[in-house]
1. Using 1/(1 + (r/R0)^6) with R0 = 22 angstrom and r between the beta carbons of residue 35 and residue 110, what's the FRET efficiency to the nearest 0.05?
2. Pop a pseudo-label 7 angstrom from the Cα along the beta-carbon direction at both residue 10 and residue 65 and give the gap in nm to one decimal.
3. I'd like to compare 33-44, 11-22, 77-88, 48-59: which one has the highest average count of other Cβ atoms within 10 Å, and what's the full order after that?
4. Just check the range 13-62 against the gyration tensor rule for me: Cα atoms, a ≥ b ≥ c as the square roots of the eigenvalues, rounded for a/c under 1.5, and otherwise prolate or oblate depending on whether a/b exceeds b/c.
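Laboratory data are not the source of any read-out in this text; all were calculated from the coordinates shown. Remember, predicted model here, so these are calculated numbers, not experimental data. Don't worry about glycine lacking a Cβ; one is built from the backbone with ideal geometry, like all the others, and counts go over all protein chains shown.
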Amino acid sequence: MANSQRRGFTLIELLVVIAIIAILIGLLMPAVQKAREAANRTQCSNNLKQIALAMHLYENTHKHLPPSRLEQRASWAWLILPFLEQDNLYRKIELGADVAKIDFTPFQVNVPVYYCPSRVRNSLSAASFIQDPG
């Protein structure tokens, strides 16, 4: 029996290997998180650039920047939707319609440009752009 070859690992050897892997993962995770946050910052920066470009396009079209509110109902964020490639959403929302007759389905749409992946509350729908004047 003394001459038989040992096959497999002992429990201690397995625990040491698992501990080494856990330490390596622990060292790697902050680097992965840092890279992910850098990508999120880059995406937020790109979104801000898209909003600024949409403001410039609005100004070129209408010869003035969008007002903060239009008829005390629509915000600038709603007014620049056509310049953010969201023209279909812009057309679905009728500004002059009676509040009781408004179809609220478009208000549930998330606009990707107004979304920052680093933000805790990560959705901003068209409902944020329209206010009930009452």
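1. Calculated value: 0.30.
2. Here the modelled spin labels are 7.4 nm apart.
3. 77-88, 48-59, 33-44, 11-22
4. prolate
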